[in-house]
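What follows is a short report on a single structure.
Taken together, the values in this text are just the output of simple stated rules run on the coordinates, not laboratory data. Quick caveat, the model's predicted, so the values are computed rather than measured. Quick reminder, even Gly has a Cβ in these numbers, built from the backbone with ideal geometry, and neighbours come from all protein chains shown.
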Amino acid sequence: PTTTSHAASMASLSESQVAELTAFASELADAARAEIMPYWRKRGLAVEDKMEPGRPAPESPVTVADRNAEAAMRKLIQERYPSHGVLGEEFGSERADAELCWVLDPIDGTKSFITGKPLFGILIGLCHHGTPVIGVIDQPVLNERWVGVSSPSLTSTTLNGSPVTSDASATRLGAALLYATTPHMFGFGEETSAFERLRKAVKQPMYGCDCYAYALVASGFGPHLVCEADLGVYDYAALVPVLLGAGGCITDWAGAPLGIHSHAACRGRVLASSNATLHAEALAALAMPPGVQQGFVVKQHLQVLAPYLPPLDGRSASKHLLLDFNERTVPPPKHVTDAVVAHISSGTTQCYPAYGDINTRIAEYAGVDPTQCMITNGSDQGAQHK
């Protein structure tokens, strides 16, 4: 992973502009602090639950502190830079396609905030043509502020004004410490399987730091990796310059740069590392294993074939696709049957004997020869479409 695309995106911003906008980002953090701290560990603080269907953790809390902090920052931006865009977690986007767009998360880690844990953070990112170029991670309780810049004229990250750099010494997963906010942020199937591979490869997985984990990696304070999913662009835009400015790496799980315009492609999946060598190893661990068809999750008991006795021994993920058609009141979704037909048509499927008339009916529904279908019981299910 490189920082070329991020540096190139700031080619039209002068050194004085970078300095001015970086100073303004700290002004925004000060304004947010002033709105948040009166509510810190305040008993009786009202908490509203936002529901976001389709996410692994669909319930997200929000408080008056979140909303007041974002409103205060938006007001300052409108007054100082009315042509700039704003994209925030609480109040949506305005002019998000502007050349310069501020991306705001007033309290990243609201669950930490409402439970009195000082590991939440104020996230402020500035994107130039959609690419994050200035970032602030501010922890007001501990009075810690990371400011990162990635530009041709200046690439740096500071903690309270002093330069910090990430740890370049840990280059193997077996020696790395990994953070994720929670294991429940990964969607069942592809994401949980990928994270499980990375989790097993590192020295120690840890949980519960929100954005603070990224700041720790950037500072070289111990952890070497952060792997997360289900993030919004407001969750990671500020993190990008902080990691890159400190000499670390941050991309999506495919190794592509993060930004406003690439959010749909990254699907909220973020990987941050203390150095490029370690980042490459982590990306390889997250990648789909060779021979596994994209779109299917091969369960652990199918990856380890030794316990199976005839006639089920000898199966492999590259040659066999086992499906479990449970009782349904509606037909399977078209994308499932299309995937089954495509896999069978590839000519790599080996099929075992099936049971009764249901096999014929499923074959007719899928539009394939009945001899190419297999029905299994639940304990023998081998693959699940994501």
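Roughly what % antiparallel, to the nearest 5, for the DSSP beta bridges in segment 21-119? The antiparallel fraction comes to roughly 65 percent. Taking 17 Å as the straight-line reach from the Cα of LYS117, the aspartates and glutamates in range (excluding those fewer than 8 positions away in the same chain) are ASP66, ASP108, ASP138, GLU144, ASP210. Label zone (TYR81, point 7 Å along Cα-to-C-beta; backbone nitrogen cut-off 14 Å) within segment 227-244: 238. The distance separating the Cα centre of segment 169-191 from that of segment 71-116 comes to 28 Å.
Rounded to the nearest 0.05, what FRET efficiency do LEU142 and HIS335 have when you use their Cβ-Cβ distance and R0 = 30 Å? The pair LEU142/HIS335 has a calculated efficiency of 0.05.
Determine the alpha carbon to alpha carbon distance for each of LYS111/LYS200; LYS50/LYS200; LYS50/LYS75; LYS42/LYS200 and list only those over 31 Å. Violating the 31 Å limit, Cα to Cα: LYS50/LYS200; LYS42/LYS200. Between rounded, prolate and oblate, where does segment 91-155 land on the alpha carbon gyration tensor, with a ≥ b ≥ c its root eigenvalues, rounded for a/c under 1.5, else prolate if a/b exceeds b/c? Oblate, since a/c reaches 1.5 and b/c is not below a/b. As a rough guide to protection, the peptides 229-242, 149-162, 117-130, 34-47 ranked by mean Cβ packing within 10 Å, highest first, stand as 229-242, 117-130, 149-162, 34-47.
Legend: Rg and Dmax of segment 19-84, from Cα coordinates, 14.9, 41 Å.
For segment 81-123, what does the relative contact order come out to in percent, with C-alpha contacts under 8 Å and a separation of six or more?
Working: 64 pairs, mean separation 13.0, N = 43.
RCO, segment 81-123: 30 percent.
Placing +1 on the Cβ of every Lys and Arg and -1 on the Cβ of every Asp and Glu, with nothing else charged, gives segment 143-279 a dipole about its Cα centre of roughly 320 debye. Rounded to 0.05, the FRET efficiency of the SER262 and LYS42 pair, given R0 = 41 Å and the Cβ-Cβ distance, is 0.60. Relative to the current alpha-carbon distance between ALA34 and GLU196, full extension at 0.36 nm per residue lengthens the span by 54.3 nm.
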